[in-house]
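Here's the structure, in structure tokens; my notes come after.
The values are calculated or read from the model by the stated rules, or taken from the named source; none is laboratory data. Here the structure is a predicted model, which is why all the values come from computation and not from measurement. Every residue, glycine as well, gets a Cβ built from its backbone with ideal geometry; the counts of neighbours run over all protein chains shown.
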């Protein structure tokens with residue numbers, strides 16, 4: 001009887017770990033694979049995904065959940081991030097030249113060293129020349 005309880009407890013622990021793994025990584029693996037092939041992922045969940053140092057020029061991530069994702073050093077030239085959730089996203093040293101961030105949630109996003117020149121900011125206004133790390137309007 002004691003062995004049965006031990007096995008039951010181990011089974012519950014394994015189920016708990018499998019269910020919490022999705023919460024820890026956050027993103028949908030199929031959507032991430034599709035995005036890597038097509039650079040299109042509208043309304044998808046890429047939260048906590050590791051996309052650092054990739055060339056994602058002209059990617060369409062409109063209305064996507066990108067919270068906690070790592071885009072550090074990535075090239076997001078002309079990318080569509082409009083309406084997306086970029087809360088606590090790492091965009092340090094990313095190139096966001098002409099990217100669209102209109103209506104995006106940028107709470108806690110890290111833009112240190114990021115090129116924001118000519119990007120459309122969350123308020124719909126263009127970032128001026130010299131917008132590095134912060135959008136100068």
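A few remarks follow.
- Screening residue 47 on (1) within 23 Å of residue 137 (Cβ to Cβ); (2) surrounded by 19 or more Cβ atoms within 10 Å (Cβ to Cβ) shows it passes everything except condition (1).
- Across segment 100-120, the number of residues qualifying as more than 14 Å from the chain's Cα centre (by Cα), part of a loop (DSSP other than H, G, I, E, B) and buried (at least 22 other Cβ atoms within 10 Å of the Cβ) comes to 3.
- Inside segment 50-99, residues that are in a loop (DSSP other than H, G, I, E, B) and on the phi < 0 side of the Ramachandran plot make up a count of 30.
- Entry remark, segment 24-49: residues being within 11 Å of the chain's Cα centre (by Cα), part of a loop (DSSP other than H, G, I, E, B) and at pLDDT below 90 number 2 in total.
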